[in-house]
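Some notes on the structure that comes next.
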2 protein chains.
Amino acid sequence: MTPMTPADRRAPRQAEAERNDRALLQAAKEVLAVDGAHASVAAIAKRAKVGIGTLYRRYRTKDDLFLHLLSVTLDQYLEAAEAGLALDDPWEGLAHYVRAVIGFGPGSLAPIAGTLTLTAEINEKSEHGDRAVAALIERAHDAGVLRADATAMDVELLIEQLSKSPLLDQLAQQGRTELMPAAQNARDRLTAIALDGLRAGSSPPLPGEPPGYELFSARWERD
Amino acid sequence: MTPMTPADRRAPRQAEAERNDRALLQAAKEVLAVDGAHASVAAIAKRAKVGIGTLYRRYRTKDDLFLHLLSVTLDQYLEAAEAGLALDDPWEGLAHYVRAVIGFGPGSLAPIAGTLTLTAEINEKSEHGDRAVAALIERAHDAGVLRADATAMDVELLIEQLSKSPLLDQLAQQGRTELMPAAQNARDRLTAIALDGLRAGSSPPLPGEPPGYELFSARWERD
DNA sequence: ATCAATCGGAATGATTCGCTCCGTTTGAAA
DNA sequence: TTTCAAACGGAGCGAATCATTCCGATTGAT
């Protein structure tokens, strides 16, 4: 067997560390959904069933953790958009993206994004995702399956609105796990209703003017 | 002029006091929407542009303020439901209720209700409102204008989902008042989309089983 | 000019915060 | 079996924030 200097040692507990990392990100997502910008590191560590020290060995600061969570979440969004584009049916492609993003978990991260100084990497991922979603929506419009008066902003705002579930968040915090499948199902029904409302059909036109992009960008600016 | 003992004196600054009371309730609603259960009295007083002392002269404790807010909000809900029932058209009646409740402001109070010990008066108001909504929905079902597979729970959950607007809350907190009309309009469009999805039509059936009432009642129980 | 009513916010003690530090546990290599 | 780098949990620290109290300033009808 090859001799091994102490510095060369392979990490012996690497598997546990990886599991903890995933648990931390999941816990951060859940606590953020319930507590908003006031979410505390102690609450996150507790929900992840991990010591505070473990959290701080992996992330230099609280903001570091949030930025990392934001980054991996944007990756998931992009992945869902590309999976949608890979589907042949334009409507099913859009619906897949909507369902996937809503299902990712407890909601939009925009409220905390406003409290962070975003990195260039994150801004780039965000724009990349926006382009993919725009393509998804343009394709649905061209196929005539998405109601003509609904813009990309409308769809994105609708997703944000549905992606945070007060009901699921509260049940999660109370530990009422036995009710959560029913709550998930209830949320799926609401998603289906909303998607139904987005389909092209004999509907009265949407009120007012389409929302402008400034509504979206304003949210990611530092206060 | 009638003589007047000191104890009989009419309140000289009553108008200002009333204005402050309204401002406090409005501010409490807004801060609760953004900060959730962690909302602080200092933040509420500041948003209402009122001293902390003023808040505590009117409400004995923080919980007292929240209970009062809950009470007047339930009154508004009931009023909206009865206004909907007063309309002849069953669909317009339901739509009016949905639009009104969503428009009342920054969202459901369920998350804080779980942290309070509710009074009998509040429980009664809640049940009273539920009965009115059930009547509204039954009438729409009977008229065949509400999709048959959507239950009262579906509608109530949809309302809750739409009644909290992260976008409006964030803009309000940032003081970006110039963008708020556009954000309001964007929200109205989402409401229209959702109502469209609720209308009876040639839609695929909703997935899974209808949500049970236990999902609703679980939220109002003390932890 | 008076004074009860109402106001704003400093002060307080308790709590919670982000974060550091350190003693303990783990398990592959020797 | 012994060793020890790596990963762990959580007590503890100073700063910040919490709900609430208390009191001096302001107001405006008399």
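The values are calculated or read from the model by the stated rules, or taken from the named source; none is laboratory data. Quick caveat: nothing in here was measured; it's all calculated off a predicted structure. Neighbour counts are summed over all protein chains in view; Cβ atoms, including those assigned to glycine, are modelled from backbone coordinates with ideal geometry. Remember, those area values only see protein heavy atoms, side chains included, never the ligands or the DNA or RNA. Shrake-Rupley method; radii C 1.70, N 1.55, O 1.52, S 1.80 Å.
In summary, residue A:91 fulfils each of the numbered conditions (1) under 30 Å from residue B:36 (Cα atoms); (2) within 14 Å of chain B (Cβ to nearest Cβ) with the single exception of condition (1). Residues in the stretch A:165-181: is at least one open to solvent by less than 40 Å² (accessible area, probe 1.4 Å), among the charged types (D, E, K, R) and more than 7 Å from chain B (Cβ to nearest Cβ)? Yes, that holds for at least one residue. Taking the stretch A:22-50 only, how many residues are within 11 Å of DNA strand C (Cβ to nearest atom) and more than 22 Å from residue A:163 (Cβ to Cβ)? Residues in the stretch A:22-50 being within 11 Å of DNA strand C (Cβ to nearest atom) and more than 22 Å from residue A:163 (Cβ to Cβ): 5 in total.
Residues in the stretch A:82-112 that are within 12 Å of the chain's Cα centre (by Cα) and either aliphatic (A, V, I, L, M) or at pLDDT 95 or above (or both): A:97, A:98, A:99, A:100, A:101, A:102, A:109, A:110. Scanning the stretch B:43-57 for residues that are more than 11 Å from DNA strand D (Cβ to nearest atom) and either surrounded by fewer than 19 Cβ atoms within 10 Å (Cβ to Cβ) or not in a helix (DSSP H, G or I) (or both) yields a count of 3. Among the residues of the stretch A:96-103, is there at least one that is assigned by TED's automatic domain parsing to the domain that holds residue A:136, hydroxyl-bearing (Ser, Thr, Tyr) and part of a helix (DSSP H, G or I)? Within the stretch A:96-103, one or more residues are assigned by TED's automatic domain parsing to the domain that holds residue A:136, hydroxyl-bearing (Ser, Thr, Tyr) and part of a helix (DSSP H, G or I). Scan the stretch A:82-103 and give yes if some residue there is over 23 Å from residue A:200 (Cβ atoms) and in contact (Cβ under 8 Å) with a residue 60 or more places away in the chain, otherwise no. Checked against the condition, which is being over 23 Å from residue A:200 (Cβ atoms) and in contact (Cβ under 8 Å) with a residue 60 or more places away in the chain, the stretch A:82-103 yields no hits at all. Can you tell me which residue in the stretch A:58-72 is farthest from DNA strand D (Cβ to nearest atom), limited to those that are in a helix (DSSP H, G or I) and crowded, with 18+ Cβ neighbours inside 10 Å? Here the answer is A:70.
I'd like the residue in the stretch B:202-223 that is without any contact (Cβ under 8 Å) to a residue 60 or more places away in the chain, under 28 Å from residue A:155 (Cα atoms) and within 7 Å of chain A (Cβ to nearest Cβ) and, out of all such residues, is least open to solvent (accessible area, probe 1.4 Å).
Here is the first cut: in the stretch B:202-223, the residues without any contact (Cβ under 8 Å) to a residue 60 or more places away in the chain are B:202-209, B:212, B:214, B:217-218.
In the following step, the residues that additionally are under 28 Å from residue A:155 (Cα atoms) were identified as B:202-209.
Remaining after also requiring within 7 Å of chain A (Cβ to nearest Cβ): B:203, B:206-209.
On the way: B:203: 39, B:206: 18, B:207: 53, B:208: 53, B:209: 135 Å².
Restricting to residues being without any contact (Cβ under 8 Å) to a residue 60 or more places away in the chain, under 28 Å from residue A:155 (Cα atoms) and within 7 Å of chain A (Cβ to nearest Cβ), the top hit is B:206.
On the basis of being within 14 Å of chain A (Cβ to nearest Cβ) and within 16 Å of DNA strand D (Cβ to nearest atom), does residue B:35 make the cut? Considered against the rule, which asks whether it is within 14 Å of chain A (Cβ to nearest Cβ) and within 16 Å of DNA strand D (Cβ to nearest atom), residue B:35 comes out as yes. Against the criterion of being under 24 Å from residue A:170 (Cβ atoms) and more than 13 Å from DNA strand D (Cβ to nearest atom), residue A:28 qualifies. Within the stretch B:108-134, residues that are touching a residue at least 24 places away in the same chain (Cβ under 8 Å) and under 19 Å from residue B:39 (Cα atoms) have Cβ atoms under 7 Å from residues that are open to solvent by 40 Å² or more (accessible area, probe 1.4 Å) and assigned to a helix (DSSP H, G or I) in these pairs: B:111/B:37; B:112/B:37; B:115/B:37; B:116/B:63, counting only partners at least 6 apart in sequence or on another chain. In the stretch B:57-69, the residues that are modelled with pLDDT of 95 or more reach residues that are of a type in the set (Val, Ile, Thr) and part of a helix (DSSP H, G or I) with C-beta atoms within less than 6 angstrom, at least six apart or across chains, in these pairs: B:62/B:41; B:66/B:112. The condition of being at the interface with chain A (Cβ under 7 Å from one of its Cβ atoms), out of contact with any Cys (no Cβ under 6 Å at 6 or more places or on another chain) and open to solvent by 30 Å² or more (accessible area, probe 1.4 Å) holds for only one of B:188, B:154, B:142, B:149, that being B:188.
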